[in-house]
Amino acid sequence: RNGNTQSCGCLNIEKVKQANSTHRMTNSSTWVTWHGMIQRCEDPKNIGYKNYGARGIKVCKRWRNSFLNFLKDMGKRPKGKSIDRIDNNGNYEPHNCRWSTRRTQQNNRSNSHYLTFKGETHTLAQWSRKIGIKQTTIQMRLTLGWTVEETLKTPLMRTK
């Protein structure tokens, strides 16, 4: 009657719904990844903390304070992939993260052993797939003092 009312009450209900709604992705694989990343870096009780937070690995403020910022920067987690830091001594931040396969992540570990031969650098696992010699054979040859060239060029001896 006095002209101050904008609706019958429906508008207020909509405003409350909007104020209380979230991204509706809690427990999605993307949200679980985001949450796990924070836990590994910040919770000393987390099983992964010793390899992340204790090493000084942090989550950038943009992602730490907002799942939606993480989602905007990384997109939804693709099936079969997980978050990977390109520089595994670096922090979780947009320019240092990607969605990667398990194989890519296994080759990007801090304990990966790299060999360079003829200008190519690969992990032992990558050389193994490339030349068809088991990774354990390559490792044993190196342990025995073989050069990288001997290790990678010497064919396996075939037994009858």
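When only the Cβ of Lys, Arg, Asp and Glu is charged (+1, +1, -1, -1), the dipole of segment 60-160 relative to its Cα centre reaches about 540 debye.
Under 1.5 on a/c is rounded, so check that first for segment 42-90, then, if it is not, pick prolate when a/b is larger than b/c and oblate when it is not; a ≥ b ≥ c are the square roots of the alpha carbon gyration tensor eigenvalues.
On the way: a/c = 1.85, a/b = 1.46, b/c = 1.27.
The shape class here is prolate.
Shape of segment 19-154 from its Cα gyration tensor (a ≥ b ≥ c, root eigenvalues): rounded if a/c is under 1.5, otherwise prolate when a/b > b/c, or oblate? In terms of gyration-tensor shape, prolate.
None of the figures in this text is laboratory data; all of them are computed from the coordinates on show. Just so it is clear, the structure is predicted and the values come from calculations on it, not from any experiment. For neighbour counting, all protein chains shown are included, and Cβ atoms are generated from backbone atoms with ideal geometry for every residue, glycine included.
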